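To start, the structure itself, in structure tokens.
The values are calculated or read from the model by the stated rules, or taken from the named source; none is laboratory data. Just so we're clear, the structure is a prediction, and the values are computed from it rather than from any experiment. Quick reminder, even Gly has a Cβ in these numbers, built from the backbone with ideal geometry, and neighbours come from all protein chains shown.
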Amino acid sequence: MSWSPLFPESNNGGDKAAMPFFNCPYSLGRGLSLQRAIPKENCWRRIFCRGLTFWFLFAGNAPLVIAKGGFSGLFPDSSSASYSLALMTSLSNVVLWCDVQLTKDGAGICLPYLKLDNSTDISNVFTKDKVYLVNGKPVHGWFSVDYTLDDLAYIVLIQGIYSRTNKFDGKLFNVLTVEDVALQFKPPGLWLNIEHDAFFSQHNLSMRSFVLSVSRRVIINYVSSPEVVFLSSITKRFKGSRTKLVLRFLGLDDTEPSTNQTYGSLLKNLTFIKTIASGIIVPKTYIWPVDAGLYLQPHTSVVLDAHRVGLEVFASDFANDVSFSYNYSYDPIAEYLYFVDNGKFSVDGVLSNFPITPSLAIDCFSHISNNASREAKAKTLVISHNGASGMYPGCTDLAYKQAVLDGADVLDCPVQMTKDGIPFCFGSINLIDGTTVAQSGFSTRSIIIPEIQGTPGIFPFNFTWEEIHNLSPAISSPFRDYILYRNPVSKNVGTLITLADFLSFCKNMSNVSGILINIENAAYLAEKQGLSITDAVLDALSKAGYNNHMTKKVMIQSTNSSVLTKFKDKPDYELVYKIDEPIRDALNSTIDDIRKFADSVVVSKASIFPDNQAFLISLTDVVPKLHSYNLRVYVQLFQNEFVSQAWDFFSDPTVEINSFVMQAKIDGIITDFPSTAVAYRKNRCLNMAHIPTYMSPVEPGSLLQFITPQELPPAVAPYPLLNDSDVIEPPLPSISKAPISNTGAPGPALILPSDQPGIAACVLLSTLAMLLASLLLF
């Protein structure tokens with residue numbers, strides 16, 4: 001077995017003379033040794049193996065997961081529930097982080113901010129705030145130095161970040177001391193973060209004395225501080241002990257208060273830092289900077305430089321529910337892998353508000369080859385939604401190419417029709433939804449068609465294919481109200497393609513196992529526009545060779561049973577019935593009816609895990625019931641943005657997917673981000689004999705037990721029962737001889753979106769013109 005490819009001779013320009021630092025060899029486990037595998041000059045880069053998993057680390061078997069205030073992405077920071085959940089859902093060696101504040105009587109408490117009003121309800125208990133100088137600047141608020149530990153027994157912890165749920169604020173969570181955390185939870189590791197030592201000294205309180213004292217009573221694994229003088233004051237006392245000291249870096253341009261140097265300047269003197277600490281903890285942008293547009297820049301040499309002088313490196317500021325680089329496509333696991341599994345270096349640990357996610361990244365998703373087999377225990381199909389529409393405008397050539405690169409099994413084409421009878425792929429019958437047509441000269445073609453929608457739209461059947469082909473596509477950003485945009489640099493790239501081109505493209509993609517053709521509005525197109533979308537699809541499939549000796553699965557999807565009935569004479573096709581609205585169940589007779597025209601069913605996520613105000617309340621029997629009738633069940637729509645997920649999924653799209661696959665046992669995932677679903681299916685934990693807790697599906701209703709009765713969301717009416725009248729439809733109408741005019745009819749005044757003034761003007765002018773014409777005729 002050769003190890004040489006893992007250890008290149010070049011070390012990014014490092015000084016080889018300084019590299020013989022460690023005492024090689026190091027054990028790899030399983031009886032393997034690096035003694036004869038690594039040249040001595042490469043021993044500076046300590047590399048470990050978990051089984052056959054390699055880590056480019058300074059110390060440790062794998063990067064540490066450090067839970068900031070516990071699981072503070074969900075529960076109030078430093079609360080008992082937050083620490084408990086972190087221990088339950090993280091790696092077995094997770095380290096609990098406590099930001100230490102001192103009370104008036106010298107007790108050390110765990111709270112994330114110097115000002116208590118940012119994380120507790122203290123302003124409701126003690127009405128008077130104070131003003132103190134903090135690093136030379138006046139700060140208003142409530143401070144721990146004014147209250148004894150007994151005083152603080154009357155306050156409770158709250159969620160300090162407004163984008164997170166406040167439903168867990170209440171009487172359940174009281175202030176904890178450092179000893180409480182150490183003795184009640186007995187964590188594998190405990191990390192004390194000490195800030196504002198100078199401030200506490202001004203109030204005759206000594207952080208140094210507290211840290212030295214508490215370390216005699218409980219095991220402290222790490223002590224960090226952004227203050228050089230504080231760390232210097234305790235270095236000798238902890239030398240040779242199990243407690244490691246870590247210098248915490250703030251912003252590059254921020255001033256370190258005890259030396260009056262910027263942290264950027266301190267970073268250039270790592271050899272000095274080694275004299276007072278065994279490691280550094282830096283914001284993640286120190287390692288992978290982002291530009292003003294939130295796109296990644298080349299990585300820096302911080303990790304390699306620090307490892308070279310013998311310092312461990314920890315990265316901070318990880319959270320699932322904040323905007324991070326668009327390169328990660330809102331997939332937090334993808335971000336962690338840049339720090340622990342990039343093939344060049346690995347940080348020694350990550351500080352996260354959501355410790356379940358780095359646990360998954362490190363133990364399940366790291367060191368997986370792009371060519372890894374898809375044949376894991378989870379055989380769920382990955383079906384694209386408008387291609388990889390999370391990265392490029394939907395249904396464009398680029399979106400489909402990206403979906404192939406991402407590893408999607410099935411590519412989808414929602415078919416629309418032009419007025420010259422060309423079927424093409426587009427996610428909506430309204431061109432406004434995925435192009436810039438409303439800002440073009442074609443905005444005058446806006447009309448109201450009540451059979452389709454009650455608001456003005458610009459419809460493809462009023463355009464030739466040449467006109468549509470020249471439109472600029474627009475990327476979907478379904479959560480722009482939360483300022484969550486998708487890949488802005490590519491918001492208008494790519495071109496729309498015909499169904500024929502789509503079929504030809506898919507046929508040539510060997511790793512694409514199937515296609516899904518979605519057909520809607522067939523009755524309207526036939527009766528009112530003289531267009532048979534079903535015939536157009538059948539003709540395109542035949543011409544592309546999808547009828548004889550098929551090597552690709554062909555799936556035909558529709559919300560209309562009348563459409564699927566048109567394809568019943570194609571036994572090799574899989575007919576997929578889409579149920580538009582969430583359901584709680586279906587009558588047996590209704591499922592029998594579905595079986596007459598469909599092989600599979602598409603349901604919404606809410607039909608499986610219904611929720612109330614984003615809290616899961618139950619798991620329905622919809623999937624097992626449909627399975628009992630031999631119907632496959634596909635689920636939509638999976639999206640990576642954290643606001644699309646219930647709180648129970650911890651703002652992590654992988655946790656959500658895992659619960660649908662492992663617990664609901666769905667057959668297919670329909671997603672805007674195929675890469676996330678494919679990565680999930682390849683993860684190593686699915687093949688473990690004993691699935692770790694962080695890969696276990698969530699239990700609906702488990703979070704509700706932490707909410708006080710007063711804060712419980714009001715009960716909601718159950719979703720409807722699917723019955724026979726919902727699925728039985730008359731046959732499609734015959735094709736009309738000539739399209740009916742789409743001039744539209746005058747209607748009541750419409751309130752239009754403010755970003756569509758052209759459409760508003762168009763509708764107004766069209767209405768006035770029709771009124772004038774009627775007057776002239778009169």
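Data overview
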{"read-out": "Residue in segment 293-300 that is at negative phi, in a helix (DSSP H, G or I) and touching a residue at least 60 places away in the same chain (Cβ under 8 Å) present", "value": "no"}
{"read-out": "Residue list for segment 258-269, restricted to those being at negative phi and out of contact with any helix residue (DSSP H, G or I) (no Cβ under 6 Å at 6 or more places or on another chain)", "value": "GLN261, THR262, TYR263, GLY264, SER265, LEU266, LEU267, LYS268, ASN269"}
{"read-out": "Qualifying residue in segment 202-213 (condition: part of a helix (DSSP H, G or I), modelled with pLDDT of 95 or more and among the basic types (Lys, Arg))", "value": "yes"}
{"read-out": "When residues of segment 160-207 are limited to those that are buried (at least 16 other Cβ atoms within 10 Å of the Cβ) and among the charged types (D, E, K, R), the one nearest to SER258 (Cα to Cα)", "value": "ASP197"}
{"read-out": "Residues located in segment 504-531, provided they are surrounded by fewer than 19 Cβ atoms within 10 Å (Cβ to Cβ), more than 30 Å from the chain's Cα centre (by Cα) and not in a helix (DSSP H, G or I)", "value": "ASN508, GLY530"}
{"read-out": "Those residues of segment 589-608 which are surrounded by 21 or more Cβ atoms within 10 Å (Cβ to Cβ) and touching a Pro at 6+ places or on another chain (Cβ under 6 Å), in sequence order", "value": "SER607"}
{"read-out": "Qualifying residue in segment 553-562 (condition: at pLDDT below 95 and out of contact with any helix residue (DSSP H, G or I) (no Cβ under 8 Å at 6 or more places or on another chain))", "value": "yes"}
{"read-out": "Given (1) assigned to a loop (DSSP other than H, G, I, E, B); (2) surrounded by 20 or more Cβ atoms within 10 Å (Cβ to Cβ); (3) not assigned by TED's automatic domain parsing to the domain that holds GLN402, index of the condition SER477 fails", "value": "(2)"}
{"read-out": "Any hit, segment 656-666, residues being crowded, with 24+ Cβ neighbours inside 10 Å, touching a residue at least 24 places away in the same chain (Cβ under 8 Å) and within 12 Å of CYS364 (Cβ to Cβ)", "value": "yes"}
{"read-out": "Condition broken by GLY293, with the remaining ones in (1) within 21 Å of the chain's Cα centre (by Cα); (2) surrounded by 15 or more Cβ atoms within 10 Å (Cβ to Cβ) satisfied", "value": "(2)"}
{"read-out": "Where a residue in segment 682-702 is at positive phi and its partner, wherever it lies, is in a helix (DSSP H, G or I) and modelled with pLDDT of 95 or more, with Cβ under 9 Å and at least six apart", "value": "GLY701/ASP648"}
{"read-out": "Candidate set from segment 438-461 (those that are polar (S, T, N, Q) and not in a helix (DSSP H, G or I)); member that is surrounded by the most Cβ atoms within 10 Å (Cβ to Cβ)", "value": "SER446"}
{"read-out": "Qualifying position, being surrounded by fewer than 17 Cβ atoms within 10 Å (Cβ to Cβ), in contact with a strand residue (DSSP E or B) (Cβ under 7 Å, 6 or more places away or on another chain), closer than 26 Å to GLN557 by Cα and of a type outside the set (A, V, I, L, M), among THR464, THR534, THR435, THR495", "value": "THR495"}
{"read-out": "Hey, SER123 under 30 Å from MET695 (Cβ atoms), surrounded by fewer than 22 Cβ atoms within 10 Å (Cβ to Cβ) and in the same structural domain as THR177 (by TED's automatic domain parsing) or not", "value": "no"}
{"read-out": "Out of ILE666, ILE691, sole residue that is at pLDDT below 95 and either acidic (Asp, Glu) or assigned to a loop (DSSP other than H, G, I, E, B) (or both)", "value": "ILE691"}
{"read-out": "Matching residues in segment 325-338 - criterion: being in contact (Cβ under 8 Å) with a residue 40 or more places away in the chain, aromatic (Phe, Trp, Tyr) and crowded, with 24+ Cβ neighbours inside 10 Å", "value": "TYR330"}
{"read-out": "Sole exception among (1) farther than 21 Å from ASN353 by Cα; (2) of a type in the set (D, E, K, R); (3) modelled with pLDDT of 95 or more for GLU656, by number", "value": "(1)"}
{"read-out": "Verdict on TYR719 being in contact (Cβ under 8 Å) with a residue 12 or more places away in the chain, of a type in the set (Ser, Thr, Tyr) and in a loop (DSSP other than H, G, I, E, B)", "value": "yes"}
{"read-out": "Hey, GLY170 without any contact (Cβ under 8 Å) to a residue 60 or more places away in the chain, in a loop (DSSP other than H, G, I, E, B) and assigned by TED's automatic domain parsing to the domain that holds SER278 or not", "value": "no"}
